[in-house]
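Scroll down for the structure; my scribbles are underneath it.
The values are calculated or read from the model by the stated rules, or taken from the named source; none is laboratory data. The model shown is predicted, which means the values in this text are computed figures rather than measured ones. Cβ atoms come from the backbone with ideal geometry, glycine included; neighbour counts cover every protein chain shown. With ligands, DNA and RNA removed, areas are computed over all heavy atoms of the protein, side chains included. Shrake-Rupley method; radii C 1.70, N 1.55, O 1.52, S 1.80 Å.
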Protein chains: 2
Amino acid sequence: MNFLEERISKDGLVKEGNVLKVDSFLNHQMDVALLDQIGEEFYRRFKDKPITKVLTIEASGIAIAYAVARCFGVPMIFAKKAKSINIDGDMYTAEVESFTHKNKNKVIVSKKFLSSDDRVLIVDDFLANGCALQGLISITEAAGATVEGIGIAIEKGFQFGGRSIRNLGYHLESLAIVESMDAATQTVRFREP
Amino acid sequence: MNFLEERISKDGLVKEGNVLKVDSFLNHQMDVALLDQIGEEFYRRFKDKPITKVLTIEASGIAIAYAVARCFGVPMIFAKKAKSINIDGDMYTAEVESFTHKNKNKVIVSKKFLSSDDRVLIVDDFLANGCALQGLISITEAAGATVEGIGIAIEKGFQFGGRSIRNLGYHLESLAIVESMDAATQTVRFREP
């Protein structure tokens, strides 16, 4: 097991309905040393790509994107949910359905910050059905930018998001791929590398 | 002018209605080197306090909280907006009104992550009317924890939030306090130290 799989086994909580709670270290309370390590690991996996921007979606992707972006020395961008009066009209939009919150959000990225010259690394904390990721890919491609890679902390391997993204030819790296989990025994089984 | 005031003068945009857009470097696209510098500066200002947790609110506070928490070597927590099926029933809540989005949100922090032993540094990107900050203070105090300090990147000094927080006796440090701004001339005037 790698460092993240070990941490999930130790501190993750399995709830009924295929919910994996990692809120003590990844998406409510955050362990900053672990975030640093996640950033370094994604850098190791994608350092041969000419990344110019790291893109994520609010909220829990932000810390991971920052951790990765500082390793590459490039800016990070987070796609925002819904419309704020502080966002100009000129933006890329995508419709995203949340597995966790059971709702739909429009997510937006200002056209100022993505151009056809950009080589984008997309990152997020979770990948389940892949809706958030598809939104970020669609925004990147609407800008004429290149998706150089996708880095996910925790992929739910038993949902279809990861497979469909890989089938489309994207270079997707997930640090921990959960094959199955059991709320009764609190066990999490990971995909072998 | 300090490093953040200089950056605001250079890259901030003043819009009608007292809106200061810093979305090219602080709250949409993020300059990671600037975030690192913000973290180090808050550490310098609060390093004599026995901080055990850094607390912020999603979304744009997250990167700043991470930057600060890694300097202190403590976990960060972000208060979440609205209710997610991934949040247990046991949580501290506060009602927060957003100046930017003109709406109200319930924000929540799980009781697991704040206790009466905690010495909390609260951070956020903006302080205007102070509603978000009051929510974070109220959550910290509901946990019986101590607010050791409050660090804000940009305070709108012409709104009442900062004054009321200081009047209550909290140690509030804002890196840039905007006294006035003018959309016609694109000038921002900062409070002298």
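Taken across segment A:25-45, residues that are charged (D, E, K, R), closer than 19 Å to residue A:186 by Cα and modelled with pLDDT of 95 or more do not occur at all. Here residue A:35 clears all of (1) buried (at least 20 other Cβ atoms within 10 Å of the Cβ); (2) closer than 16 Å to residue A:157 by Cα except the condition numbered (2).
This table checks each residue for (1) of a type outside the set (Phe, Trp, Tyr); (2) free of Cβ contacts under 8 Å to residues at least 40 places away in the same chain.
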position	(1), (2)
B:3	no, yes
B:12	yes, no
B:15	yes, no
B:21	yes, yes
B:27	yes, no
B:31	yes, yes
B:37	yes, yes
B:50	yes, no
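Remark: pairs (first residue in segment B:172-189, under 11 Å from residue B:158 (Cβ atoms); second residue small (Gly, Ala, Ser); Cβ separation under 6 Å; 6+ apart in sequence or on different chains) = B:177/B:157; B:178/B:157; B:179/B:157; B:189/B:180. Of all residues assigned to segment A:80-90, none qualifies as being at pLDDT 95 or above and either within 12 Å of another protein chain (Cβ to nearest Cβ) or touching a Ser or Thr at 6+ places or on another chain (Cβ under 7 Å) (or both). Screening B:53, B:10, B:15, B:47 for residues that are touching an Asp or Glu at 6+ places or on another chain (Cβ under 7 Å) and open to solvent by 10 Å² or more (accessible area, probe 1.4 Å) leaves exactly one candidate, B:53.
Those strands (runs of 3 or more DSSP E) of segment A:120-193 in which 2 or more residues are more than 17 Å from the chain's Cα centre (by Cα), at pLDDT 95 or above and β-branched (Val, Ile, Thr) occupy A:187-190.
Taking the listed residues A:63, A:59, the one that is assigned to a loop (DSSP other than H, G, I, E, B), at the interface with chain B (Cβ under 8 Å from one of its Cβ atoms) and hydrophobic (A, V, I, L, M, F, W, C) is A:59, with no other qualifying.
Is one or more of the residues making up segment A:96-107 open to solvent by less than 10 Å² (accessible area, probe 1.4 Å), part of a loop (DSSP other than H, G, I, E, B), facing another protein chain (nearest Cβ under 7 Å) and under 25 Å from residue B:105 (Cβ atoms)? So far as segment A:96-107 goes, no, none of its residues is open to solvent by less than 10 Å² (accessible area, probe 1.4 Å), part of a loop (DSSP other than H, G, I, E, B), facing another protein chain (nearest Cβ under 7 Å) and under 25 Å from residue B:105 (Cβ atoms). Filtering segment A:60-82 to residues that are of a type in the set (Gly, Ala, Ser), surrounded by 24 or more Cβ atoms within 10 Å (Cβ to Cβ) and closer than 12 Å to residue B:32 by Cβ leaves A:63, A:65, A:67, A:69.
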